[in-house]
Amino acid sequence: MKPQYQTLRSFHLSRPIVPCAQCGEALFAPEWSEYFDDHRIRHVWSCDGCDYRFETLVSYPTPGAAAA
């Protein structure tokens, strides 16, 4: 059996958790997401703790693009 701290650590490493931009409360999933274009996805987040809403934009490199 794994010690609890290892289980919690592996959970946090395997699941990206976004903090609320206003109060810092952990947000586990966006309210909604949409494809912005072929390489970007927009997420809209809503915090239950403080009712703050914000957007994030995730960008993926073009396939075959050299890493900088």
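The residues 28, 36, 54, when put in order of fewest to most other Cβ atoms within 10 Å, stand as 28, 36, 54. Available extension along the chain between residue 55 and residue 22 is 10.7 nm, counting 0.36 nm per residue and deducting the alpha carbon span.
Laboratory data are not the source of any read-out in this text; all were calculated from the coordinates shown. Given the structure is predicted, the values throughout are model-derived calculations rather than measurements. We place every Cβ from the backbone using ideal geometry, glycine too, and count neighbours over all the protein chains shown.
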